[in-house]
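The values are calculated or read from the model by the stated rules, or taken from the named source; none is laboratory data. The model shown is predicted, which means the values in this text are computed figures rather than measured ones. Quick reminder, even Gly has a Cβ in these numbers, built from the backbone with ideal geometry, and neighbours come from all protein chains shown. SASA here: full protein model, heavy atoms, side chains in, ligands and nucleic acids out. Shrake-Rupley method; radii C 1.70, N 1.55, O 1.52, S 1.80 Å.
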Amino acid sequence: MTSLLDVRDLHVTYRSGGVEVPAVRGVDLSLDPGDTVGLAGESGSGKSTIALALLRLLPDGARVTGRVAVAGEDVLTMRWGRLRAVRWAEAAIVFQGAMHSLNPVRRIGDQIAEPLLVHGTVPRGRVRDRVAGLLEQVGLPASRANDHPHLLSGGQRQRVMIAMALACEPRLIVADEATTALDVMIQAQILTLLRRLVAEHDIGMLMISHDLSVLADVCDRVAVMYAGRIVEEGPAGRVMGAPVHPYAVALGAAFPRIGDPASRLAPRGLPGDPPDPADPPSGCVFRPRCPVSEEVCATVDPPLWPVDPDTEGRSERSAACVHVGQSKEGVR
């Protein structure tokens, strides 16, 4: 069966001051209908660049290679007309920062109606009813269609963004930091809404966040990114509960655990900063911050190796660390 989203060897490079700056380095991802995959990592790890690359929304100066297939079609090689038809209708993005994404001088209902009118999803005479239905679907009264964005709270604006993403009934939704800057009660409501929409409509969702607790609550699988590449990937419960890559361990430890006084009173952080993407360290890029690095880490840039593989070498988890691949050829 063809995956709803299939990303293979995705590379994204920006040009800054005459220097090539790699933002995404060889990322593979797949997503099926009804699945939710989370993408985690620090700011600057490449998460939002991947989100924009999926529908060719990156600036003109970005160089993108690899394959990004939505329902079997490669987005990176599509003609403009076909790409325009895919956006909103087959794949949609919930951008972070709803106040900055919504037009402040247009009414909410007009903004939700725009993709419906562009794609001709419903007859013009039924657009208003469709907008009302979408608002109610995300827990807002239909009367809000007449309001401007500044009259809504942050959580309500985020619901409007979700309604816009659902307008043309896409099969794939990319939620880029959809709950950032919302208080925990509103976060819980938005996450409950997203879970319900995925279940009811059998859509696939790629959810991007720096907050592991958000991804653990919503996602089936989680991929952890560092310096432009995935360093650990697997079922959400196992990646969150027992991570194996040192960066994934540190990322999880930075969040206090409910019922654990030690982590609440003294949450652990990660010293140092992510590497300069224009001048990464040799070998494993996490090495300068890694508490368990070895001499071999200075020369080996480890690929994703299976974690605890079966007799045929298969595993539902993988991690890019020499401690996972100690028995692999070339790693001692």
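The helices (runs of 4 or more DSSP H) falling completely within the stretch 43-101 that include 2 or more residues that are open to solvent by less than 40 Å² (accessible area, probe 1.4 Å) and modelled with pLDDT under 95 map to 47-54, 80-86.
Selection over the stretch 204-218 of residues that are modelled with pLDDT of 85 or more and open to solvent by less than 10 Å² (accessible area, probe 1.4 Å) gives a count of 7.
Is it the case that the stretch 165-172 has a residue that's in a helix (DSSP H, G or I) and not polar (S, T, N, Q)? Yes, because at least one residue in the stretch 165-172 is in a helix (DSSP H, G or I) and not polar (S, T, N, Q). The lone criterion from (1) farther than 25 Å from residue 251 by Cα; (2) open to solvent by less than 40 Å² (accessible area, probe 1.4 Å) left unmet by residue 8 is number (2). Please go through the stretch 16-32 and pick out each residue that is at positive phi, open to solvent by less than 70 Å² (accessible area, probe 1.4 Å) and free of Cβ contacts under 8 Å to residues at least 60 places away in the same chain. Selection gives 18 alone.
A single member of 167, 145, 178 is within 16 Å of the chain's Cα centre (by Cα) and surrounded by 17 or more Cβ atoms within 10 Å (Cβ to Cβ), and it is 178. Within the stretch 183-206, residues that are closer than 27 Å to residue 71 by Cα have Cβ atoms under 6 Å from residues that are surrounded by 13 or more Cβ atoms within 10 Å (Cβ to Cβ) and of a type in the set (Ser, Thr, Tyr) in these pairs: 190/179; 198/36; 205/36, counting only partners at least 6 apart in sequence or on another chain. Residue check: residue 133 meets all listed conditions (1) open to solvent by less than 50 Å² (accessible area, probe 1.4 Å); (2) closer than 29 Å to residue 46 by Cβ but one, namely (2). Any residue at all in the stretch 49-65 that's among the charged types (D, E, K, R) and touching a residue at least 60 places away in the same chain (Cβ under 8 Å)? Taking every residue of the stretch 49-65 in turn, none turns out to be among the charged types (D, E, K, R) and touching a residue at least 60 places away in the same chain (Cβ under 8 Å).
Residues that are part of a helix (DSSP H, G or I) and out of contact with any helix residue (DSSP H, G or I) (no Cβ under 6 Å at 6 or more places or on another chain) were ranked within the stretch 150-164; the one that is most open to solvent (accessible area, probe 1.4 Å) is 150. If I ask for residues that are surrounded by 20 or more Cβ atoms within 10 Å (Cβ to Cβ) and touching a strand residue (DSSP E or B) at 6+ places or on another chain (Cβ under 8 Å), which ones from the stretch 275-319 would you list? Within the stretch 275-319, 277, 285, 286, 304, 305, 307, 317, 318, 319 qualify.
Residue 124 passes every criterion in (1) open to solvent by 30 Å² or more (accessible area, probe 1.4 Å); (2) in contact with a Phe, Trp or Tyr (Cβ under 8 Å, 6 or more places away or on another chain) apart from (2).
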